[in-house]
Amino acid sequence: MTIAVEEISGEQPSIEQQLQLHAVVLPYPAKGHSIPLMHFAKRLHSMGVVVTFVNTFSHLSKEHFRTLDGLDKSTMRVVPLGVSPPEGEGTTSLPYVEHVNELVEDALLLFEDLFSRKEDAPPACIVSDMFLGWTQVVANKFKIPRYVLFASPAGALATMLHMPELIKQGRLPIDPSKKEELIYDIPGVPPTRLADLPSPMQDANAYEYPFYARNCVEMHEATGVLINTFYELEPSYIDTLRQTVYGNVNGKEGHLLSILPVGPMLPKAYFTAGPEISANVEERDLCLQWLDTQPESSVLYVSFGSVAVLSIPQIQELAMGLEMSGQRFLLVLRAPLNPENLPLFPEGFEERTKGRGFVHVGWAPQLLVLSHRAVGGYLTHCGWNSTLEGICRGLPMLTWPIQAEQAMNARFLVDDVKAAIEVCTVTDGFISRERISTAIKRLLADPEGVIVKNNMQKLRDLALAAVGEGGSVQRNLENFLQELRSWKSS
Ligand code: UDP
């Protein structure tokens with residue numbers, strides 16, 4: 001189906017509407033992308049912007065939109081887009097790659113409708129996810145700027161923007177015999193092992209590879225990038241991004257991208273509440289109940305995020321490592337495929353660690369867990385949302401990257417900001433109990449852990465200052481709105 005979009009006609013909007021900024025926010029249909037974007041949308045709305053939040057494939061349920069309750073529905077509204085593809089396709093690490101590009105036709109219709117509504121200010125921009133590159137077509141059609149919402153750190157942004165060049169030079173996809181080689185020329189990024197580049201960029205056979213390649217090119221065409229990070233966390237990366245000419249791919253003329261670090265995109269209460277933000281939870285989760293019984297700052301929270309699943313032998317070894325460390329822990333895991341119904345944990349593990357360890361297979365209320373006074377460290381897969389959540393609570397980390405850009409995030413935490421200790425790299429394969437136990441003891445029981453903790457707490461202070469009144473996030477948001485106003489009046 002092709003839709004011819006006519007020039008916008010009809011009555012002119014009032015002066016008031018012309019001055020009003022209206023942002024159309026399009027998240028990728030994966031919760032790790034859409035939930036931070038919803039927090040961002042809420043913040044834009046609090047600054048007087050009319051927001052249309054597009055629920056791509058209706059992947060977010062009513063439950064998720066509870067955070068918008070109480071906001072004026074005429075200025076903060078949610079609209080569905082597209083018919084959800086069949087069940088089961090939304091479960092890969094980057095779901096729906098085969099389908100998201102099909103949304104373009106529906107999106108053109110949606111924008112036609114938004115532009116024709118006399119009662120509203122017309123859209124002043126598209127804010128769309130890093131993996132919805134096709135939205136540039138919509139922005140061009142309606143002559144409005146597109147800002148990319150980048151859900152990973154500035155280092156990953158620099159790397160992804162460099163992907164077309166690496167492909168041109170024949171260095172991507174990676175020759176498996178060269179995985180240990182370092183890459184030196186990504187603007188602003190320190191020398192990086194090829195094996196540590198975002199995993200979908202490495203292998204042409206990966207289902208995401210062509211999708212990444214296309215989106216990286218389309219990102220060059222954007223007006224700017226709103227990054228889920230804060231300036232003080234990655235100043236040199238951000239400075240370099242701001243000075244680098246992008247967009248000169250496929251023979252086009254280059255331009256500077258407006259680089260706007262506006263994260264961490266988390267609920268406001270996470271920045272303002274004290275160590276406990278859980279007082280108003282009606283039903284206290286079992287993990288929290290168990291944490292209530294533990295001494296202050298004593299427990300290591302262990303989690304691999306919402307996507308990664310460890311093998312059963314690795315889960316058993318991890319359990320042995322936790323036991324061997326002698327430290328307190330809360331282990332949260334996604335259930336692995338287990339057709340033979342094998343035991344997940346070594347025999348007697350739960351009894352032997354009773355009182356000092358708690359295991360939960362399923363979803364944990366992570367923000368509440370990280371905010372609990374009993375949690376003193378975090379063994380993480382280094383997903384960027386989890387990393388920011390840990391930083392905002394000043395929790396020293398242990399790094400165990402699995403996929404996506406997690407290896408780069410881990411290197412950043414260990415080498416750049418020295419706020420984490422490495423358990424393993426992404427290429428280490430099976431991780432032994434001795435290695436796990438040693439890393440845990442280094443973090444929780446050795447003087448080295450104190451240094452790491454101090455470094456992490458400095459980052460927390462920087463994060464809280466950045467998101468606070470007059471901080472760098474507010475300034476970047478104001479610059480963003482100023483850019484939209486200039487665009488509108490040009
Ligand atoms: N999360 C959670 N409970 C869990 C596992 C994950 O609340 O049991 C949340 C976590 O707080 C974070 C997100 O899921 O906001 C995971 O995103 P991240 O970017 O860290 O990693 P991914 O899941 O994409 O690998």
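Just so it is clear, none of the values below were taken in a lab; they were calculated from the coordinates. Predicted model only: the values in this text are computed from it and were never measured. With ideal geometry, Cβ positions are generated from the backbone for all residues, glycine too; neighbour counts draw on all protein chains shown.
Amide H contacts under 5 Å for ARG328: LEU300, restricted to partners 5 or more places along the chain or on a different chain, H placed in the peptide plane at 1.01 Å from N.
Computed over the chain, the Cα gyration tensor eigenvalues convert (square root of 5λ each) into semi-axes of 39, 26, 22 Å, ordered from largest to smallest. Cβ-to-Cβ counts within 10 Å put SER236, SER489, SER386, SER298 in ascending order as SER489, SER236, SER298, SER386, the fewest first. If you plug the beta carbon distance of SER116 and ALA204 into 1/(1 + (r/R0)^6) with R0 = 45 Å, you get a FRET efficiency near 0.55. For a paramagnetic label modelled on ARG242 (point 7 Å from Cα along Cα→Cβ), amide N atoms under 13 Å away belong, within segment 473-490, to 473, 475-477, 479-480. Here's how it looks for VAL225: its modeled amide H is under 5 Å from those of VAL148, SER258, ILE259, LEU260, which are all 5 or more places away or on a different chain. Evaluating kT/(6 pi eta Rh) at 20 °C and 1.002 mPa s, with the Kirkwood radius of segment 368-490 over Cα pairs in the Stokes-Einstein relation, gives 135 µm² s⁻¹.
Centre-to-centre separation between the Cα atoms of segment 84-150 and those of segment 319-333: 44 Å. For the chain, hydrophobic long helices are taken as DSSP H runs at least 18 Å long by C-alpha position along their axis with mean Kyte-Doolittle hydropathy of 0.0 or more; these are 103-116, 312-325, 447-467. Between the alpha-carbon centres of segment 41-74 and segment 370-420 there is a gap of 28 Å.
Distant-in-sequence amide contacts of VAL78, defined by a placed amide H-H separation under 5 Å and a gap of 5 or more residues or a different chain, comprise PHE53.
From helices alone, the chain scores -11000 deg cm²/dmol at 222 nm; the rule is -39500 (n - 2.57) for each run of n ≥ 4 DSSP H residues, then divide by the residue total. In plain terms, the bigger the Kirkwood radius, the slower the diffusion; for segment 342-437, with that radius from Cα pairs, at 20 °C and 1.002 mPa s, Stokes-Einstein puts D at 145 µm²/s.
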